[in-house]
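Asker: Pasting a structure here, questions to come.
What follows draws every value from the coordinates through simple rules; no lab data is involved. Computed from a predicted model, the values in this text were never measured in an experiment. All Cβ positions, glycine included, derive from the backbone under ideal geometry; neighbour counts span all protein chains shown.
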Amino acid sequence: MTVTTIAAIFYAVVTAGVVLFQIALALGAPWGAYAMGGAFPGRFPPAMRVAAVVQAVLLALMAGVVLARAGLALPGWAGASAWLVWVVVAFCAVAVVLNSISRSAGERRLWVPVTLVMLASSIIVALTAG
């Protein structure tokens with residue numbers, strides 16, 4: 001197994017956890033203190049539940065890009081994944097920064113390590129795939 005494959009699988013598994021978290025928020029899990037700067041502690045209001053679904057979809061698409069770039073899934077995305085993987089890297093970098101400056105201590109403790117892992121693994125795939 002190559003470093004690219006390991007990094008892509010790691011990215012996909014971690015991202016699947018984040019997707020499940022977002023879906024749980026959308027379904028009413030009382031974890032709002034750990035998302036969106038803790039602005040909505042408890043259950044998200046309806047508009048934020050929709051936002052959680054949108055985030056889950058975007059995260060799943062990004063995992064698809066990383067897996068495609070590593071040659072593990074979605075062969076039809078192979079060409080576009082060469083540049084889209086850098087969009088994923090940029091998104092992950094922004095996520096690290098935003099989670100690092102969150103007003104919510106719980107969000108910082110939970111999501112900074114997660115987004116750092118996503119950033120590192122996406123960079124590895126971006127640099128080693130192809």
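Asker: Working out 0.36 nm times the residue gap between residue 127 and residue 58, then minus their Cα-Cα distance, what length gain in nm do you get to one decimal?
Answerer: Answer, rounded to one decimal: 22.6 nm.
Asker: Let me have the relative contact order for the chain, percent, based on Cα pairs under 8 Å that are six or more residues apart. Don't skip to the end; give the middle numbers.
Answerer: Details: 178 pairs, mean separation 42.3, N = 130.
Averaging sequence separation for qualifying contacts and normalising by length gives 33 percent for the chain.
Asker: Helix 78-100: angle to the longest alpha-carbon principal axis of the chain, degrees 0 to 90, nearest 10?
Answerer: 30 degrees
Asker: Same structure, new question: If we count every other residue with Cβ under 10 angstrom of residue 38's Cβ, Lys/Arg +1 and Asp/Glu -1, where does the sum land?
Answerer: Numbers: positive: 103, 108; negative: 107.
Result for the neighbourhood of residue 38: +1.
Asker: Counting pairwise Cα distances across the chain, what percent come out greater than 18 angstrom? Don't jump to the answer; show the numbers that get you there.
Answerer: Working: 4401 of 8385 pairs.
Here the long-distance tail beyond 18 Å is 52 percent of all Cα pairs in the chain.
Asker: Quick one: what are the phi-derived ³J(HN,Hα) couplings along the range 69-76, Karplus 6.51/-1.76/1.60 with θ = phi - 60°, whole Hz, x for glycine and proline?
Answerer: Calculated HN-Hα couplings, in order: 4, 7, x, 9, 6, 6, x, x Hz.
Asker: Compute the distance from the alpha-carbon center of the range 5-53 to that of the range 77-111, in whole Å.
Answerer: Value for the Cα centre distance between the two parts: 14 Å.
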